[in-house]
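No value in this document is a laboratory result; all are computed from the given coordinates. Keep in mind the model is a prediction, meaning the values are calculated, not measured. A quick note on method: Cβ atoms are made from the backbone with ideal geometry, for glycine too, and the neighbour counts reach across all protein chains shown.
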Amino acid sequence: MTMDKSELVQKAKLAEQAERYDDMAAAMKAVTEQGHELSNEERNLLSVAYKNVVGARRSSWRVISSIEQKTERNEKKQQMGKEYREKIEAELQDICNDVLELLDKYLISNATQPESKVFYLKMKGDYFRYLSEVASGDNKQTTVSNSQQAYQEAFEISKKEMQPTHPIRLGLALNFSVFYYEILNSPEKACSLAKTAFDEAIAELDTP
């Protein structure tokens with residue numbers, strides 16, 4: 001039975017209340033694949049669903065990576081850790097690629113408002129960043145470059161089209177600074193970006 005959009009959205013809300021985020025993501029993926037521009041509510045449901053789905057895998061990956069490093073002297077345990085980490089990595093990569101496909105195929109091109117465009121480009125930067133956390137070699141360079149490109153494009157639109165106090169613009173500045181700090185190991189750039197965003201927002205609030 002094919003569900004219509006309102007039923008899928010209702011299913012996503014139920015799944016969120018039940019904390020079944022895989023079901024929530026599947027429902028919102030189906031909504032997105034219908035090809036219409038998402039409302040703010042639908043956009044947020046999609047974002048929350050996938051953030052939880054990918055967040056669980058990122059957390060698992062960090063735990064197993066840490067255990068793997070502690071079992072270096074025990075070859076059998078280390079091999080088991082490695083295999084389990086690779087299983088989690090594959091799940092994480094599938095989720096990120098799912099989101100990136102939705103963004104490229106539907107969401108970014110359908111966005112008519114600058115706010116939506118910035119939201120989706122930020123999301124694109126985030127999911128390439130998550131991929132880069134588990135990537136290596138050439139693949140890592142590609143994901144890092146794609147992440148930076150998406151964040152930069154979102155950043156330029158946000159500066160031109162949005163108030164410095166806009167939550168999406170502030171959220172983007174925060175995530176972009178995390179990217180500089182954690183992925184590019186550039187603490188100075190990260191702090192400068194975050195400080196500029198904060199100062200501009202404060203200046204805006206202080207303007208009578």
The residues 119, 176, sorted from fewest to most surrounding Cβ atoms within 10 Å, come out as 119, 176
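Tell me what the chain gives for mean residue ellipticity at 222 nm when only DSSP H runs of n ≥ 4 count, each as -39,500 (n - 2.57), the sum divided by the residue total, rounded to 500 deg cm²/dmol. Kindly include the intermediate steps, with their values, before the conclusion.
Values: 8 runs with 163 residues, N = 208.
Result for the chain, helices only: -27000 deg cm²/dmol.
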Cα-based Debye curve of region 62-208 sampled at q = 0.20 Å⁻¹ gives log₁₀ I(q)/I(0) of -1.18
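Estimate the FRET efficiency between residue 189 and residue 90 by the formula 1/(1 + (r/R0)^6), using the beta-carbon distance for r and 30 Å for R0, to the nearest 0.05. Spell out each step's value before the answer.
On the way: r = 32 Å, r/R0 = 1.07.
Calculated value: 0.40.
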If R0 = 22 Å, then residue 37 and residue 156, at their Cβ-Cβ distance, give a FRET efficiency to the nearest 0.05 of 0.50
Exposure proxy check on 20, 169: fewest-to-most Cβ neighbours within 10 Å is 20, 169
Note to self: C-alpha centroids of region 38-88 and region 116-157 sit apart, in Å, by 18
With the label point 7 Å along the Cα-to-beta-carbon line of residue 22 and a cut-off under 16 Å to each amide N, the hits in region 81-107 are 87-96, 98
Here the membrane-span-like helices of the chain, with no claim about any membrane, defined by DSSP H, Cα axial extent at least 15 Å and mean Kyte-Doolittle at least 0.0, are 167-178
All alpha-carbon distances of region 1-110, grouped into 10 Å bins from 0, give the whole-percent distribution 14, 37, 25, 15, 8, 1
Taking the dipole of the chain about the Cα centre (Lys, Arg +1; Asp, Glu -1; charges at Cβ), the one of 54, 118, 12 that reaches farthest to the positive side is 54
